[in-house]
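The structure under discussion appears below in the form of structure tokens.
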Amino acid sequence: MERFDVLVVGGGPGGYVAAIRAAQLGKKTALVEKYSTLGGTCLNVGCIPSKALLDSSEHYHQAQHQFAEHGIGVGELSLNFPQMIARKAAVVEQTTAGIDFLMKKNGITRLEGFGSFVDAHTVRVTPAEGAATDVAADHIIIATGSKPAALPFAQPDKDRIITSTEALSLKERPNSMLVIGGGVIGLELGSVYARLGTEVHVVEYLDAIIPTMDRGLGKELMRSMKKLGVKFHLQYGVQSVTSNGDSVHVVAKDKKGADVEWTVDYCLVAVGRRPYTDGLNLEAAGLSTDERGRIPVDANLRTSIPHIYAIGDVVRGAMLAHKAEEEGVAAAETIAGEHPHIDYNLIPGVVYTWPEVAGVGATEEQLKADGVPYRAGSFPFKASGRARASMDTDGFIKVLAHAESDEILGVHMIGPRAADLIAEAVVAMEFRATAEDISRMSHAHPTFTEAIKEAALAATGDRALHV
Ligand code: FAD
Ligand code: NAD
């Protein structure tokens, strides 16, 4: 039986990054992945394909609604939806091929097949065809990720009642779509189709969209997405979802308890994801999952069996690719005897709608609940010259600073390129900067980043210059 220093199960952003870091640190490393392509949810059916469609649909939307104002005529605009999906598929193919290259470059043994524990040091790898092989390892990193969560009354049939995976590869542009869940997936994919002309309904159980982010962001995003034509139904409880093969019938109760019904082409179920450990045979390794299906780990990502680690969507914390990557690096470095540390408070969250939404650190709601004295400073993009030039005036940036020390405790933004702008806030907070530190740094003019400086000025005592 071949033996490795480190065996990683799962080739998503958590697993493949862990394998690269372990190999960099001189460990004989193998990576087990059941699919023929690496990259996991993120590269195959998540981050990358959704952003490809978000970019394509935004171009279409701009051509339809903004080009004329820029003085650009494009004749009769048309949509080649199969081409849009084909371009997305090509982006995915190039990106996953890049991971194959990285595995080879780092001398990582790639084992294609489904991994399941035989005992705490041995994993059986069963390929789709052919015989299974057992491999042994001194250290094992579980990175098996997550799958879409289902509702008992809305089981995806993957035809008309779909998850994000099918929504990324539809054959035709739907005329109508109902999305259950006003979270990240619902709003990103809802935006894609609304921009392409689909009538999109978002049904959310709670009284806010993106409810875990700073509350002001969801309100502003809802305003922008309503302009796109998206219809929001908050505090609605879906009762039943049935498909006849051509359309889907959805029944929900509104907040007063009255029945509301829709008949739509597709129903996208986007109510969260569940950790995936099916068939992994954790018991054989002496492991079990918690009440939410996650593998319990300590601060060093170690499970209850000291030489087995778990990372990414299959453990506690945000289900984000960059969080999985940080954990992959940390697990590999811990195995190699190093002492890495992850500050989970500084992992940014981003929603790639337009305007984009991003946040890091404490929300205003959390600071209030914890009784932390703070000052908030905001700056609206409509006061930004750069935003006016690009016609992206929706949104604002909010800086939350400690009322006494002025240390930045949270930064929350909705606006153009917020997904990239948030990096400045992460750097500032990583170095425990104050709002005044940011407000005294030169920010190039005209850029969207000036809005961060202005919000920091506002947080240090109403000193914003351009509002
Ligand atoms: P995964 O990426 O799920 O990878 C797990 C891998 O393990 C899979 O390839 C699976 O096949 C394999 N596997 C599982 N069990 C076994 C087994 N027993 N044997 C062998 N292989 C196995 N996050 C962001 O940060 N930014 C985004 O923009 C973003 N967009 C998203 C859009 C969508 C539509 C979705 C669904 C998710 C998105 N995410 C995004 C979340 C992101 O995809 C996940 O957080 C990330 O992929 C988690 O990485 P992971 O390595 O833990 O697991
Ligand atoms: P989510 O947790 O972001 O949102 C789910 C939403 O569904 C919540 O608002 C919740 O209140 C609502 N909901 C739950 N049950 C409901 C019901 N019965 N009826 C109506 N609404 C209901 O989950 P998601 O959007 O499915 O995304 C899954 C994960 O994937 C997220 O954790 C996210 O981190 C990750 N993801 C990240 C990105 C990104 O980083 N840009 C993009 C897509 C997905």
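The values are calculated or read from the model by the stated rules, or taken from the named source; none is laboratory data. This one's a predicted model, so the numbers in the text were calculated from it and none came from an experiment. So basically every Cβ, Gly included, is an ideal-geometry build from the backbone, and we count neighbours across all protein chains shown.
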Filter region 101-125 down to residues that are loosely packed, with under 15 Cβ neighbours inside 10 Å and out of contact with any helix residue (DSSP H, G or I) (no Cβ under 8 Å at 6 or more places or on another chain) and give me whichever is farthest from residue 26 (Cα to Cα). 101
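Name the one entry in 425, 362, 418, 358 that is among the small types (Gly, Ala, Ser), buried (at least 19 other Cβ atoms within 10 Å of the Cβ) and more than 30 Å from residue 195 (Cβ to Cβ).
Result of the check over 425, 362, 418, 358: 362.
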Residue that is free of Cβ contacts under 8 Å to residues at least 60 places away in the same chain and within 11 Å of ligand 1 (Cβ to nearest atom), where the choices are 152, 127: 127
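For region 304-332, give me the residue count where each residue is more than 11 Å from ligand 2 (Cβ to nearest atom) and in a helix (DSSP H, G or I).
Qualifying residue count, region 304-332: 10.
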When you go through 318, 336 one by one, which is the residue that is of a type in the set (Gly, Ala, Ser), assigned by TED's automatic domain parsing to the domain that holds residue 140 and under 30 Å from residue 127 (Cβ atoms)? 336
Restricting attention to region 183-204, which residues are within 15 Å of ligand 1 (Cβ to nearest atom) and either assigned to a strand (DSSP E or B) or touching a Pro at 6+ places or on another chain (Cβ under 9 Å) (or both)? 183, 185, 193
Just wondering, is there one or more residues in region 88-106 that are assigned by TED's automatic domain parsing to the domain that holds residue 302, touching a residue at least 12 places away in the same chain (Cβ under 8 Å), of a type in the set (A, V, I, L, M) and not in a helix (DSSP H, G or I)? no
Being more than 15 Å from the chain's Cα centre (by Cα), buried (at least 24 other Cβ atoms within 10 Å of the Cβ) and more than 18 Å from residue 353 (Cβ to Cβ), is that true of even one residue in region 181-197? no
For region 270-303, how many residues are within 22 Å of the chain's Cα centre (by Cα) and either surrounded by fewer than 15 Cβ atoms within 10 Å (Cβ to Cβ) or in a loop (DSSP other than H, G, I, E, B) (or both)? 12
Please identify the pairs in which a residue from region 290-311 that is over 16 Å from residue 277 (Cα atoms) has its Cβ atom under 7 Å from the Cβ atom of a residue that is acidic (Asp, Glu) and in a strand (DSSP E or B), counting only partners at least 6 apart or on another chain. 307/138
Is there a residue being more than 12 Å from ligand 1 (Cβ to nearest atom) and in the same structural domain as residue 334 (by TED's automatic domain parsing) anywhere in region 28-36? yes
When the residues of region 173-182 are narrowed to those that are part of a loop (DSSP other than H, G, I, E, B) and under 14 Å from residue 53 (Cβ atoms), which ends up farthest from ligand 2 (Cβ to nearest atom)? 173
Based on this model, can you work out whether residue 142 counts as more than 30 Å from residue 302 (Cβ to Cβ), buried (at least 16 other Cβ atoms within 10 Å of the Cβ) and out of contact with any Ser or Thr (no Cβ under 7 Å at 6 or more places or on another chain)? no
Conditions: (1) within 16 Å of ligand 2 (Cβ to nearest atom); (2) in contact with a Phe, Trp or Tyr (Cβ under 6 Å, 6 or more places away or on another chain); (3) touching a residue at least 40 places away in the same chain (Cβ under 8 Å). Residue 281 meets all but one. Number of the miss? (1)
